[in-house]
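Read the structure below first, then the notes.
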Amino acid sequence: MSQRPHAIVTGGAGFVGSHLVDSLLSDGFKVTSLDNFGSGRTKNLKHIESERFTSINHDVREPFPDVGDVDYIFHFASRASPKDFASHAVEIALTNSQGTKHALECSREHDARALIASTSEVYGNPEENPQTETYNGNVNIRGLRAPYDESKRFSEALAVAYEKKHEMDIRTVRIFNTYGPRMDPNDGRVIPNFLSQAIRGDDLTIYGDGSQTRSFCYVSDLIGGIRTISDAPAAVASGEVFNVGNTQEITIQELADVILDLVDTGSGVTYQSLPQDDPEVRRPDISKISSELDWEPSISLRTGLERTIPHFEERLEGD
Ligand code: NAD
Ligand code: UDP
């Protein structure tokens, strides 16, 4: 390993990726972000002054550029908002297949540890709640969400195949709904939508009757989980998959009520049709990462939202 560990973060200009870049830089890493700025933003990286950071405009559907010796690859590139699943379907499917192949090839070439970002979407509309890593999921392979869900499932399968064939150190994180500062107000996911609507005084748009559930994780908790997995000894983490998320499960109606309580607004709610294949429930079982790697989230939904609201107020003022 070079004197300072060098990490590639794909999707480094995105919401999660930019927080991961910050975490690695603050721990002394040299970091290279590969991002095509499709849903990522230069403003997510503009605060970085470190000479150890390089941002490259690169689409991971193409083989990675030569960036010198590499010790870690964090593969986080991929649009993640259901709003994009139809409009960017082919791009998303290839980012999580070709893009993962390129990340794994780079990892193999450099003998670098790889961490692949998967998602709770691999569980589809789950028939088990909470979801454990051993649950195989219930995905509609021809539905609206399939380009994302199935390519993430393929991404995991490819990682397992590379790991077995080439004896590489590859870890996978299944990320459950995460929110926080730097989410794009126009992202389309529920917390950016509700916060933007509440701050603007518009009604919150609940899809369906609001009885569907999610479990929302604050971004600093997620980053802590990711770093716990990437830093763990190979003996416990290589070849493994871990759920990371918050176990506090609430309905979307309850989420709207909490946001209306926290934001000083005259907004109400309106009900719109539920998108196809929208999961009815979702909650992570985190007993694997908590017992094997001693990680648990610590930020409650109200606290996380209180930390996120000023960021949205600032972003919306600038719009
Ligand atoms: P995001 O849209 O903010 O970030 C994704 C980043 O990837 C963006 O910067 C985008 O420009 C980049 N990107 C997309 N396609 C690319 C390509 N072909 N080449 C190069 N760069 C590309 O979304 P996010 O929420 O930060 O998600 C990051 C990762 O975490 C994704 O892999 C996503 O599937 C995963 N994830 C996130 C959540 C969540 O709740 N935030 C939940 C589950 C999984
Ligand atoms: N949702 C909603 N209103 C919105 C956006 C989303 O009611 O303006 C719902 C959506 O139908 C889903 C839940 O909120 O049931 C979470 O949606 P999101 O897009 O954040 O992520 P998902 O968990 O579905 O991938």
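Throughout, read-outs are computed from the coordinates displayed, never taken from laboratory work. Only a predicted model underlies this, so the values are computations on that prediction, with no experimental measurement involved. With ideal geometry, Cβ positions are generated from the backbone for all residues, glycine too; neighbour counts draw on all protein chains shown.
Counting alpha carbon pairs within less than 8 Å and at least 6 residues apart, what relative contact order, in whole percent, applies to region 104-206? Walk me through the intermediate numbers first.
Details: 104 pairs, mean separation 29.2, N = 103.
Computed over region 104-206, the figure is 28 percent.
Per residue of region 282-296, in order, report the coupling 6.51 cos²θ - 1.76 cosθ + 1.60 (Karplus, θ = phi - 60°) as ³J(HN,Hα) in whole Hz, putting x for Gly and Pro.
6, 7, x, 8, 9, 5, 5, 5, 6, 7, 8, 10, 6, 10, 9
Helix 219-231: angle to the longest alpha-carbon principal axis of the chain, degrees 0 to 90, nearest 10?
Approximately 20 degrees, to the nearest 10.
Give me P(r) over region 210-319, computed from all C-alpha to C-alpha distances, binned every 10 Å, as integer percentages.
So the P(r) values, bin by bin, are 12, 34, 32, 17, 5, 0.
Using Cα positions and a limit of under 28 Å, work out the lysines in reach of Lys165, with same-chain residues fewer than 8 apart set aside.
Lys101, Lys152, Lys288
Percent relative contact order of the chain, based on C-alpha pairs within less than 8 angstrom and at least six residues apart?
Working: 640 pairs, mean separation 54.3, N = 319.
Relative contact order for the chain comes out at 17 percent.
Percent antiparallel among DSSP beta bridges with both residues in the chain, to the nearest 5? Walk me through the numbers before you get to the answer.
Values: 3 of 39 bridges.
In the chain, approximately 10 percent of DSSP beta bridges are antiparallel ones.
What angle, in degrees between 0 and 90 and rounded to the nearest 10, separates the Cα long axis of helix 146-166 from the longest principal axis of the Cα atoms of the chain?
20 degrees
For a quick check: with amide H placed at 1.01 Å from N, whose amide H comes under 5 Å from Leu115's, ignoring anything fewer than 5 positions away on the same chain?
For Leu115, whose amide H was placed from the backbone, the distant partners under 5 Å are Ile73, Phe74, His75, Arg171.
Net charge around Arg108, counting only other residues with Cβ within less than 12 Å of its Cβ (Lys, Arg = +1; Asp, Glu = -1)? Don't skip to the end; give the middle numbers.
Values: positive: Lys101, Arg113, Lys165; negative: Glu105, Glu109, Asp111, Glu163, Glu167, Asp169.
Its environment carries a net charge of -3.
If you count the DSSP beta bridges with both ends in region 142-269, what percent of them are antiparallel, to the nearest 5? Walk me through the numbers on the way to the answer.
Details: 3 of 10 bridges.
Taking every DSSP beta bridge with both residues in region 142-269, the antiparallel ones total about 30 percent.
In whole Hz and in residue order, list the ³J(HN,Hα) couplings for region 78-85 that follow from phi through the Karplus curve 6.51 cos²θ - 1.76 cosθ + 1.60, θ = phi - 60°; x for Gly and Pro.
Values, residue by residue: 2, 4, 10, 8, x, 4, 8, 4 Hz.
I'd like the Karplus ³J(HN,Hα) series for region 263-269: coefficients 6.51, -1.76, 1.60, θ = phi - 60°, whole numbers in Hz, and an x wherever there's a Gly or Pro.
For region 263-269, the Karplus curve yields 9, 6, 8, x, 5, x, 10 Hz.
What do you get for the angle between helix 98-110 and the principal long axis of the chain? Use alpha-carbon atoms, 0 to 90 degrees, nearest ten.
The angle comes out near 40 degrees.
Could you compute how fast region 55-95 diffuses translationally, taking Rh as the Kirkwood radius over C-alpha pairs and applying Stokes-Einstein at 4 °C with viscosity 1.567 mPa s? Give it in µm² per second.
Numbers: Rh = 12.1 Å.
Reported coefficient: 107 µm²/s.
Quote the charge dipole size of region 226-319 about the Cα centre in Debye, to the nearest 20; the model charges only the Cβ of Lys and Arg (+1) and of Asp and Glu (-1). Working shown, then result.
Details: 7 positive and 19 negative charges, 50 e Å.
Here region 226-319 has a charge dipole of around 240 debye.
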